[in-house]
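The structure appears below as structure tokens.
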Amino acid sequence: MSITITLGKSGRLVVPKAIRSSLGLQEGSRLRLEVQGGKIEASPESDEVPMIMEKGFPVFSGGRKLSARQVVDIIKTDRDSRDERSTPDYRKDSK
């Protein structure tokens, strides 16, 4: 897809909705800009999906669309990480 846009105030670029939607970009999504051969190339940054806590529940914000399996795996990884941090290591006490 190719489109011409106009640079806005303070050098800001507006990514058209069709492109944002096709890449799964939302407000707060990060883009890496590279300049090569007189061209600017923008690529979505990070494979990680930002997760925030909202009313005590983890909520995914921004990033690409995920399958249900990917969501389950990310939640499991987060829970395992929290369990490791919050569970005392009783083996240390027994030495």
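The values are calculated or read from the model by the stated rules, or taken from the named source; none is laboratory data. As the structure is a prediction and not an experimental result, all values here were calculated from the model. Because the Cβ atoms are built from the backbone with ideal geometry, glycine has one as well, and the counts that use them run over all protein chains shown.
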- [ ] Could you tell me whether any residue of the range 41-50 is at pLDDT below 90, surrounded by 10 or more Cβ atoms within 10 Å (Cβ to Cβ) and in contact with a Pro (Cβ under 7 Å, 6 or more places away or on another chain)?
- [x] no
TODO: Name, by its number, the condition in (1) surrounded by 12 or more Cβ atoms within 10 Å (Cβ to Cβ); (2) at pLDDT 90 or above that does not hold for Arg20.
DONE: (2)
TODO: Quickly run through the range 51-95 and pick out the residues that are at pLDDT 70 or above, within 18 Å of Ser29 (Cβ to Cβ) and in a loop (DSSP other than H, G, I, E, B).
DONE: Ser61, Lys65, Leu66
Open item on the list: For the structure I just gave you, tell me whether Val35 is of a type outside the set (Asp, Glu) and at pLDDT 90 or above.
Closed with: yes
